[in-house]
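A.B. asks: Let me begin by handing over the structure; questions about it come next.
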Amino acid sequence: MKKIFASIAVLSAWIFLFSCTKPGNTSPSDETPEGKEEVQPVSLQLTFALPENGEKTAWVAGDQIVVHGEYAKDQVTVTLAAGDIGSDGKTATLTVDGLKPYVRDDVGSTLYAGYPADAVDLLPHCFFYTKFNTSNRYLLAACNDSANKFQFVEICSKLTFSVDGDFDSYAITGRKDAITGYEALQVKITDKEKNLNQYRQGALVTVSGKLSSGTQSIYFPVGTELPNGFDLKFFKNGEAVKVYTEKEEVSFEEKNQDLGDITARIKDFVMDLNVSDAVSLSDEGTANCYIVTAPGTYKIAAVKGNTEESVGTIESSAVLWETCGNADIVEKGSLVDATLYEGGYMYFRVPEPFVGGNALIAAMDEEETVLWSWHIWMPKTPVTDVDETNFATLKVMDRNVGALVAVPSSGAAPAESFGLLYQWGRKDPFPGIGDPATSAQATLAEGQEITYLNEQTSIAGGAQNPNVFYYLDDKDWQNEGNDPVAALWGEAKKTVNDPCPVGYVLPQRNNSCGFWAGSDISSQSYFTLDAENYRFTVGALTFPLAGYIDDADGIHKGAGEAVQIWSGRWDSGTQNGYGFTGVVGDQFRRRGQIRSRGGSVRCVKL
């Protein structure tokens, strides 16, 4: 059922131009146009009348009102004295000097007023408009009649409530990115027209303010719509501690609504991210994987892969799993300790001290179905690029995706250099091998797990279940056939499912590069195998024998003795993707491999 609430304004994407220029004028100059006669100031007796049944029930000494005509430079700020105010407090009458009425043929009003004065921020050429520098205030505007009486109109409706608790401020956010207010609001009120939303500028999804004693009021521009309700958070010393959630549709029309005492209806708020300090990782491009190298709060655009397509209506977010890429115990929240969706962005926090590893975060709908997920890669050493034309015609990453360190030049390759494992065509990784001696999966934090399921799924099902490894002996992980597969990954072309970070892409299976030539390359001069130390080199590149996840049984295998490295190419007419496969004592070569196998990814620079 639709709820009607008082109005508070928020907007997040529109920016309306406040053009207070008269037809024919192209510049809002504060100067009187050449040839136009300067209006001479006059003294007039003005009466200011409050709205009937309005929130403000009486004028008080010290109230300030801005009165203006055509130019902001000629505005007059009127300060009411006790003697100006009528016995009922509803009206105030006084003589005001220095007024410059604005005369037009199409309207009878000549002067315009806004209250409170400190919220009025007129344009140079204001005409009959009154601009306010906020929408979350009690705002009044009016024009004069023939007797120079200003009958004020309330510009915003309000939402009222009371709450008990140790809070000092609030923030109200429209759910599903609905606009709750504006940085500026301009109205047009004449004797011919009343337009309370003439222009709106700087749309806001979240509006905040200080809490006072007693009943609280939040103001919205008349007509604000919140189709999915709102979240009202309460803060102490800058940290959100409680939240009140309204999930029904809310409309702020020309009346006020009262939530009453909401103390019993507020809940603990645990996602205390300071979104204002978040570092944006997607300004230079979007992807399914983002690299983070230091503690802090980060944000990424909530879009699908490298597109601008929204992932849908996000209700919540979560960390699906965390791993340090080895057999060590992982403390939950040690890699990513909080996530939050707000205003088109996924926010997440990497706590101090910085712990190298990998995490998968997800956005969910109201039924907790995963809409999309993103891999957060936190290497311990900087990721660099290498020129090696035997692997690719483009520069190559110095490590597999998800590896915390590059394979060292001496000694055994550690599990942290193995990286994560991918099924061909899926955007989401799976934990790699954490113990080279046993080929066991790298440890996840307590309560987090990967499900290995002996069945196929749809492509959409794979995206909705990024922590499920689907396999079927000698079968693809997806059951929709070959036609949709070609769009999942691409050769040196970034697709929506590409698993590489921003600026990188899956490698091309290029027969001119020896690595992908097809025949056994073990005898080639650029190839060196060091099985004792779980590694092999191709020219200037070093690869770990990182093992794989078997497509026949979903078990991690082959650490220190086998490798599967995917290219972006698929095998038309089969259930294979092209990759590089190697086993100690057998061939190291390019060949087709069942797409449900979990293999390594080594990206190339775009």
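The values are calculated or read from the model by the stated rules, or taken from the named source; none is laboratory data. Since the structure is predicted, the reported quantities are computational estimates derived from the model, not experimental observations. Every residue, glycine among them, receives a Cβ derived from its backbone with ideal geometry; neighbour counts consider all protein chains shown.
A.B. asks: When you check residue 287 against the structure, is it of a type in the set (A, V, I, L, M, F, W, C) and farther than 26 Å from residue 489 by Cβ, yes or no? Give the steps one after another, and end with the answer.
C.D. replies: Values: of a type in the set (A, V, I, L, M, F, W, C): yes; farther than 26 Å from residue 489 by Cβ: no.
No, not satisfied.
A.B. asks: Based on this model, can you work out whether residue 74 counts as more than 47 Å from the chain's Cα centre (by Cα), over 30 Å from residue 211 (Cα atoms) and either assigned by TED's automatic domain parsing to the domain that holds residue 205 or not polar (S, T, N, Q) (or both)? Steps first, please.
C.D. replies: Details: more than 47 Å from the chain's Cα centre (by Cα): no; over 30 Å from residue 211 (Cα atoms): yes; either assigned by TED's automatic domain parsing to the domain that holds residue 205 or not polar (S, T, N, Q) (or both): yes.
No.
A.B. asks: Here's a follow-up. Got a sec? Which strands (runs of 3 or more DSSP E) wholly within region 44-135 have at least 1 residues that are without any contact (Cβ under 8 Å) to a residue 24 or more places away in the chain and not aromatic (Phe, Trp, Tyr)? Can you show your working first?
C.D. replies: Details: elements: 64-68, 76-79, 91-99, 112-115, 129-132.
Strands (runs of 3 or more DSSP E) meeting the threshold: 76-79.
A.B. asks: Only one of these conditions is not met by residue 499: (1) touching a residue at least 60 places away in the same chain (Cβ under 8 Å); (2) over 23 Å from residue 376 (Cβ atoms); (3) touching a strand residue (DSSP E or B) at 6+ places or on another chain (Cβ under 8 Å). Which number is it?
C.D. replies: (2)
A.B. asks: Let me ask something additional. If you go through region 261-275 one residue at a time, how many are touching a residue at least 60 places away in the same chain (Cβ under 8 Å) and surrounded by fewer than 13 Cβ atoms within 10 Å (Cβ to Cβ)?
C.D. replies: 2
A.B. asks: Under the condition of being of a type in the set (Lys, Arg) and either over 19 Å from residue 388 (Cβ atoms) or surrounded by fewer than 22 Cβ atoms within 10 Å (Cβ to Cβ) (or both), which residue from region 580-606 is nearest to the chain's Cα centre (by Cα)? Full working, then the answer.
C.D. replies: Let us first name the residues in region 580-606 that are of a type in the set (Lys, Arg), namely 589-591, 595, 597, 602, 605.
Adding the requirement that they be either over 19 Å from residue 388 (Cβ atoms) or surrounded by fewer than 22 Cβ atoms within 10 Å (Cβ to Cβ) (or both) leaves 589, 591, 595, 597, 605.
Working: 589: 43, 591: 41, 595: 33, 597: 33, 605: 26 Å.
Selected residue: 605.
A.B. asks: Another one. Could you please let me know if residue 577 is at pLDDT below 95 and touching a Lys or Arg at 6+ places or on another chain (Cβ under 6 Å)?
C.D. replies: Values: at pLDDT below 95: no; touching a Lys or Arg at 6+ places or on another chain (Cβ under 6 Å): yes.
In short, no.
A.B. asks: Working only within region 549-559, note down all residues that are over 20 Å from residue 406 (Cβ atoms) and not acidic (Asp, Glu).
C.D. replies: Initially, region 549-559 is screened for residues over 20 Å from residue 406 (Cβ atoms), giving 549-558.
If the condition is that a residue be over 20 Å from residue 406 (Cβ atoms) and not acidic (Asp, Glu), then 549, 552, 554, 555, 556, 557, 558 are the ones that fit.
A.B. asks: Considering region 448-473 alone, what residues qualify as being more than 18 Å from residue 368 (Cα to Cα), modelled with pLDDT of 95 or more and assigned to a loop (DSSP other than H, G, I, E, B)?
C.D. replies: Step one: filter region 448-473 for residues more than 18 Å from residue 368 (Cα to Cα), giving 452-459, 469-473.
Filter once more, so that each one left must be modelled with pLDDT of 95 or more: 452-459, 469-471.
454, 455, 456, 458, 471 - these are the residues of region 448-473 that are more than 18 Å from residue 368 (Cα to Cα), modelled with pLDDT of 95 or more and assigned to a loop (DSSP other than H, G, I, E, B).
A.B. asks: Take the residues in region 336-358 that are of a type in the set (A, V, I, L, M, F, W, C) and more than 18 Å from the chain's Cα centre (by Cα); name whichever of them is surrounded by the fewest Cβ atoms within 10 Å (Cβ to Cβ). Break it down stepwise before answering.
C.D. replies: Within region 336-358, the first condition is being of a type in the set (A, V, I, L, M, F, W, C), and the residues that meet it are 336, 338, 340, 346, 348, 350, 354-355.
Checking the rest, the ones that are also more than 18 Å from the chain's Cα centre (by Cα) come to 354-355.
Numbers: 354: 16, 355: 18.
So the residue we want is 354.
A.B. asks: Residue check: is residue 507 assigned to a loop (DSSP other than H, G, I, E, B), of a type outside the set (Asp, Glu), within 20 Å of residue 397 (Cα to Cα) and touching a residue at least 12 places away in the same chain (Cβ under 8 Å)? Full working, then the answer.
C.D. replies: Numbers: assigned to a loop (DSSP other than H, G, I, E, B): yes; of a type outside the set (Asp, Glu): yes; within 20 Å of residue 397 (Cα to Cα): yes; touching a residue at least 12 places away in the same chain (Cβ under 8 Å): yes.
So residue 507 passes the test.
A.B. asks: Answer yes or no as to whether residue 141 is modelled with pLDDT of 95 or more and assigned to a loop (DSSP other than H, G, I, E, B).
C.D. replies: So residue 141 fails the test.
A.B. asks: Could you check region 510-556 and list, in sequence order, the residues that are among the aliphatic types (A, V, I, L, M) and either in a helix (DSSP H, G or I) or at pLDDT 95 or above (or both)? Quick ask: steps written out before the conclusion?
C.D. replies: Here is the first cut: in region 510-556, the residues among the aliphatic types (A, V, I, L, M) are 517, 521, 529, 531, 538, 540-541, 545-546, 549, 552, 555.
Within region 510-556, 529, 531, 538, 540, 541, 545, 546, 549, 552, 555 meet the criteria.
Let's see how each residue does on (1) in contact with a Lys or Arg (Cβ under 7 Å, 6 or more places away or on another chain); (2) surrounded by 14 or more Cβ atoms within 10 Å (Cβ to Cβ):
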position	(1), (2)
69	yes, yes
82	no, no
94	no, yes
98	no, no
110	no, yes
121	yes, yes
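A.B. asks: Something else about it: Answer yes or no: is there a residue in region 228-238 that is under 30 Å from residue 90 (Cβ atoms), of a type in the set (A, V, I, L, M, F, W, C) and in contact (Cβ under 8 Å) with a residue 40 or more places away in the chain. Before the answer, list the steps.
C.D. replies: First, pick out the residues of region 228-238 that are under 30 Å from residue 90 (Cβ atoms): none.
No, region 228-238 has no match at all.
A.B. asks: Then there's this: Is it the case that region 415-428 has a residue that's more than 19 Å from residue 498 (Cα to Cα) and among the aliphatic types (A, V, I, L, M)?
C.D. replies: Within region 415-428 (the criterion being more than 19 Å from residue 498 (Cα to Cα) and among the aliphatic types (A, V, I, L, M)), the answer is yes, since at least one residue qualifies.
A.B. asks: Condition (residue is surrounded by 15 or more Cβ atoms within 10 Å (Cβ to Cβ), touching a Cys at 6+ places or on another chain (Cβ under 7 Å) and under 21 Å from residue 428 (Cβ atoms)) applied to region 297-310: is it met by at least one residue?
C.D. replies: Going residue by residue through region 297-310, those that are surrounded by 15 or more Cβ atoms within 10 Å (Cβ to Cβ) are 297-306, 310.
Cutting the leftovers down to touching a Cys at 6+ places or on another chain (Cβ under 7 Å) gives us none.
Looking for residues that are surrounded by 15 or more Cβ atoms within 10 Å (Cβ to Cβ), touching a Cys at 6+ places or on another chain (Cβ under 7 Å) and under 21 Å from residue 428 (Cβ atoms), one finds none in region 297-310, hence no.
A.B. asks: I'm trying to understand the selection: among the residues of region 413-447, which are over 18 Å from residue 324 (Cβ atoms) and in a loop (DSSP other than H, G, I, E, B)?
C.D. replies: We begin by selecting, within region 413-447, every residue over 18 Å from residue 324 (Cβ atoms); these are 422-428.
Matches in region 413-447: 424, 425, 426, 427, 428.
A.B. asks: Which residue is modelled with the lowest pLDDT, if the candidates are limited to region 247-294 and must be among the small types (Gly, Ala, Ser) and either assigned to a loop (DSSP other than H, G, I, E, B) or over 30 Å from residue 355 (Cβ atoms) (or both)?
C.D. replies: First, pick out the residues of region 247-294 that are among the small types (Gly, Ala, Ser): 251, 260, 264, 276, 278, 280, 282, 285, 287, 294.
Subsequent filtering for residues that are either assigned to a loop (DSSP other than H, G, I, E, B) or over 30 Å from residue 355 (Cβ atoms) (or both) retains 251, 260, 264, 278, 282, 285, 287, 294.
Values: 251: 88, 260: 95, 264: 94, 278: 93, 282: 96, 285: 97, 287: 98, 294: 97.
My answer is 251.
A.B. asks: Give me the residue from region 558-579 that is part of a strand (DSSP E or B) and in contact with a Phe, Trp or Tyr (Cβ under 6 Å, 6 or more places away or on another chain) and, out of that set, surrounded by the fewest Cβ atoms within 10 Å (Cβ to Cβ). Show your work before the answer.
C.D. replies: Let us first name the residues in region 558-579 that are part of a strand (DSSP E or B), namely 562-570, 576-579.
Checking the rest, the ones that are also in contact with a Phe, Trp or Tyr (Cβ under 6 Å, 6 or more places away or on another chain) come to 564-569, 577, 579.
On the way: 564: 25, 565: 22, 566: 27, 567: 25, 568: 27, 569: 24, 577: 28, 579: 25.
Filtering region 558-579 for residues that are part of a strand (DSSP E or B) and in contact with a Phe, Trp or Tyr (Cβ under 6 Å, 6 or more places away or on another chain), the one surrounded by the fewest Cβ atoms within 10 Å (Cβ to Cβ) comes out as 565.
A.B. asks: For region 332-354, check the following and say yes or no: at least one residue is within 16 Å of residue 500 (Cα to Cα), touching a residue at least 60 places away in the same chain (Cβ under 8 Å), in contact with a Phe, Trp or Tyr (Cβ under 8 Å, 6 or more places away or on another chain) and in the same structural domain as residue 447 (by TED's automatic domain parsing).
C.D. replies: Here is the first cut: in region 332-354, the ones within 16 Å of residue 500 (Cα to Cα) are none.
No: region 332-354 contains no residue that is within 16 Å of residue 500 (Cα to Cα), touching a residue at least 60 places away in the same chain (Cβ under 8 Å), in contact with a Phe, Trp or Tyr (Cβ under 8 Å, 6 or more places away or on another chain) and in the same structural domain as residue 447 (by TED's automatic domain parsing).
A.B. asks: Here are 362, 327: which of them is buried (at least 21 other Cβ atoms within 10 Å of the Cβ), among the small types (Gly, Ala, Ser) and either touching a Pro at 6+ places or on another chain (Cβ under 6 Å) or at pLDDT 95 or above (or both)?
C.D. replies: On the way: 327 fails: buried (at least 21 other Cβ atoms within 10 Å of the Cβ).
Testing whether each residue is buried (at least 21 other Cβ atoms within 10 Å of the Cβ), among the small types (Gly, Ala, Ser) and either touching a Pro at 6+ places or on another chain (Cβ under 6 Å) or at pLDDT 95 or above (or both) leaves just 362.
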